[in-house]
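Inspection log for the structure reproduced underneath, given as structure tokens.
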Amino acid sequence: MGLIGSQAPRGGRGAGPWIAGAILAALLLLLVVSPFPRGLASESAPATSPATATAPAPAPTARAGAPVVLAGRNLFSIQADIGSFSPEFRARVVSERIDQLARERDVPLDQLNIVVNEAADTVDIRSGRRVLLTVAAVDAVAAGKSQQALALAHVKTIREAVGEYRDAHRLSSILRGLLYSFIATGVLIALMVAVLRSAPKLTRRLVRWRGTRIRALTILGTEVLSAGRVVDLLTEIIRVVRLTILVILCLVYINFVLSFFPWTLGFSRILVRYIQTAAATLGSSLLSYLPNLFFLAIITLVTSYILKIFKFISSEIANGTIVFAGFHADWARPTYKLVQFLVFAFAATIAFPYLPGAGTPAFQGISIFLGVLVSLGSSSAISNIVAGVILVYTRSFQPGDRVQISDTVGDVVGRNLFVTRLRSIKNVVISIPNAAVLGSHVINYSSAANDPETPPLILYTTVTIGYDVPWRQVHEVLIQAALAVPDILRDPRPFILQTSLDDFFVSYQLNAYTDRPGVMASIYSDIHQNIQDFCARADIEILSPHYRAMRNGNPSTIPAEVPPP
């Protein structure tokens, strides 16, 4: 005897244009498999139905329905269990019997009939003498119908499904499926060729429209994207749309071809159900996320306008239009960067709970992992950033200044949050980490030139002269040598300091003012050349570094030929 079932909506034949997640190779694989699916173990069905069992059955309980399937098509579902027979087990056995009936082409479908078993209070659906299923009172209660009405509905469904199954396995249907497959292949190739050829033409047209029909994207008078960037963005969108269309065409083609043959029709229906479930889940998720998306849009809008206000204020401070006491104009841009970072951090903190998946353990685990990774691997980077911010507000140097950091001398050509770049007098760009700059002494040779209230920069060099030369004459000669250099200032006037009285000579330090620290190397070279020339013309012997004034027959160090003044 059979098991008991109840009705559910049946699916139609074919999947239509729904997208199936398979590739073309899967079609070839499915076409070479056995023309009939593996037989279900019909011998696993019990010999007697639960309705005729001698042991009294416990009270049936209703649960979620188990589908009765024929070739991947859900015919109806069984919702109740009786005794130890679950709905899943009953549905599997009924599916095996209907499948066996569909394969027996010589058994006419008009033999399907309904037999009322008054003793067991059941209604049997039979094919000849064979019982396909039994409708019990619990099934009728679960379906909300009488037993006879439910059995008639099942008979109609079984008759239609078995008839379609037998028609689909006929040779004419298979040949028709092959013809439809060839037609679908031709249509697919034509559409793919059209898409592949139209995308480059549209891209070239967009390039021709750049600057004419396609202009820069501006918001509130501020250019957000140039015309070229807009064209690049549209080109990328075209590529994504083209790829999406090609994938959809391939999946629709595969789904059509799978639905043309009886052996793959079940796979087509399964794939369609998968896609329907995914689409429904995605759609419901998007609809439920719309309030969060609206809130994120508000946060983005408010954040952008706040940053515009701060940017306007900082630009006005940098231009000198707005002046705050104690706040220098060169602080405006880095201060805006700090405010921008803080505003972004605050907005991200507010928006974080409204991001997709923010409350899931996976998202939280990734956040913790990234936090640990940043804390362990960016200690030096953080120290350089902090040092860069401190250097901005200490105003130790500005871009273009001639500075000395530790043993490196050069002009400041760039400064960011991580490094400070100097260009040496040999045109070598040297990058120094900001933490190293903050931890070492910085000599700024240009600070005096940038501040009119500060005395000019003093360049100095030391010359040793013997005791036999009057110091007043030495002073005069050295000052004349310094004034002969074009980049040495006449006012203030150069001066001499006698730094030491050594055993064999006197140390004279020449100090001269200049307002061009960027050419220090050439100024020093000119000073040293002039010192040699002027001392030679004054018949003064330079004893640097290890000459002595005592004569023992050696010639004088004064050159034989002295250039004219």
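The values are calculated or read from the model by the stated rules, or taken from the named source; none is laboratory data. On a predicted model such as this, the values are computed, not experimentally measured, just so you know. All Cβ positions, even for glycine, are placed from backbone atoms using ideal geometry, and neighbour counts span all protein chains on display.
Could you tell me which of the residues Leu246, Leu251 is in contact with a Gly (Cβ under 8 Å, 6 or more places away or on another chain), within 30 Å of Gly72 (Cα to Cα) and surrounded by 11 or more Cβ atoms within 10 Å (Cβ to Cβ)?
When all the criteria are applied, what remains is Leu251.
Within the stretch 286-328, which residues are outside any helix (DSSP H, G or I) and of a type in the set (A, V, I, L, M)?
Ile322, Val323, Ala325
Any residue at all in the stretch 528-550 that's at pLDDT 85 or above, buried (at least 16 other Cβ atoms within 10 Å of the Cβ), under 30 Å from Arg395 (Cα atoms) and not hydrophobic (A, V, I, L, M, F, W, C)?
No, because not a single residue in the stretch 528-550 is at pLDDT 85 or above, buried (at least 16 other Cβ atoms within 10 Å of the Cβ), under 30 Å from Arg395 (Cα atoms) and not hydrophobic (A, V, I, L, M, F, W, C).
For the stretch 394-441, give me each residue that is free of Cβ contacts under 8 Å to residues at least 24 places away in the same chain and either buried (at least 20 other Cβ atoms within 10 Å of the Cβ) or touching a strand residue (DSSP E or B) at 6+ places or on another chain (Cβ under 7 Å) (or both).
Pro399, Gly410, Val412, Val413, Gly414, Arg421, Leu422, Arg423, Ser424, Val429, Ile430, Ser431, listed by residue number.
In the set Val68, Val107, which member is at pLDDT 85 or above, closer than 24 Å to Pro262 by Cα, outside the structural domain of Arg269 (by TED's automatic domain parsing) and of a type in the set (A, V, I, L, M, F, W, C)?
Val68
Can you name the condition, by its number, that Gly83 falls short on among (1) modelled with pLDDT under 80; (2) under 60 Å from the mean Cα position of the chain (by Cα); (3) under 30 Å from Phe267 (Cβ atoms)?
Going through the list (1) modelled with pLDDT under 80; (2) under 60 Å from the mean Cα position of the chain (by Cα); (3) under 30 Å from Phe267 (Cβ atoms), Gly83 breaks only (3).
Suppose we filter the stretch 442-455 for residues that are assigned to a loop (DSSP other than H, G, I, E, B) and either hydrophobic (A, V, I, L, M, F, W, C) or surrounded by fewer than 17 Cβ atoms within 10 Å (Cβ to Cβ) (or both); how many remain?
The qualifying residues number 5.
Take residues that are touching a Pro at 6+ places or on another chain (Cβ under 8 Å) and in the same structural domain as Val389 (by TED's automatic domain parsing) and tell me which of the strands (runs of 3 or more DSSP E) falling wholly in the stretch 401-441 contain 3 or more.
Per the criteria, 408-415.
Would you mind finding the one in Gly365, Gly371, Gly359 that is at pLDDT below 80 and either in the same structural domain as Thr420 (by TED's automatic domain parsing) or not in a helix (DSSP H, G or I) (or both)?
After applying the criteria, what remains is Gly359.
Could you check Ala481 against (1) touching a helix residue (DSSP H, G or I) at 6+ places or on another chain (Cβ under 6 Å); (2) under 25 Å from Pro334 (Cβ atoms); (3) not β-branched (Val, Ile, Thr) and say which number it fails?
Looking at each condition in turn, Ala481 falls short on (2).
Gly326 is checked against (1) at pLDDT 85 or above; (2) loosely packed, with under 12 Cβ neighbours inside 10 Å and fails just one. What number does that condition carry?
Among (1) at pLDDT 85 or above; (2) loosely packed, with under 12 Cβ neighbours inside 10 Å, the lone unmet condition for Gly326 is (1).
Is at least one residue of the stretch 231-250 within 30 Å of Val162 (Cα to Cα), within 35 Å of the chain's Cα centre (by Cα) and in a helix (DSSP H, G or I)?
No: the stretch 231-250 contains no residue that is within 30 Å of Val162 (Cα to Cα), within 35 Å of the chain's Cα centre (by Cα) and in a helix (DSSP H, G or I).
If we keep just the residues of the stretch 493-521 that are polar (S, T, N, Q), surrounded by 14 or more Cβ atoms within 10 Å (Cβ to Cβ) and over 12 Å from Tyr445 (Cα atoms), which is modelled with the lowest pLDDT?
Ser507
Can you give me the number of residues within the stretch 104-148 that are of a type in the set (Lys, Arg) and in contact with a Pro (Cβ under 7 Å, 6 or more places away or on another chain)?
0
Conditions (1) free of Cβ contacts under 8 Å to residues at least 60 places away in the same chain; (2) among the hydroxyl-bearing types (Ser, Thr, Tyr), marked per residue:
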{"site": "Asp121", "(1), (2)": "no, no"}
{"site": "Ser127", "(1), (2)": "yes, yes"}
{"site": "Thr134", "(1), (2)": "no, yes"}
{"site": "Glu164", "(1), (2)": "no, no"}
{"site": "Asp167", "(1), (2)": "yes, no"}
{"site": "Ser181", "(1), (2)": "no, yes"}
{"site": "Ala190", "(1), (2)": "yes, no"}
{"site": "Val193", "(1), (2)": "yes, no"}
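What is the number of the single condition among (1) closer than 26 Å to Leu417 by Cα; (2) exposed (fewer than 10 other Cβ atoms within 10 Å of the Cβ) that Leu287 does not meet?
In the conditions (1) closer than 26 Å to Leu417 by Cα; (2) exposed (fewer than 10 other Cβ atoms within 10 Å of the Cβ), Leu287 misses (1) alone.
Within the stretch 507-526, is even one residue part of a loop (DSSP other than H, G, I, E, B) and of a type in the set (A, V, I, L, M, F, W, C)?
For the stretch 507-526, residues part of a loop (DSSP other than H, G, I, E, B) and of a type in the set (A, V, I, L, M, F, W, C): absent.
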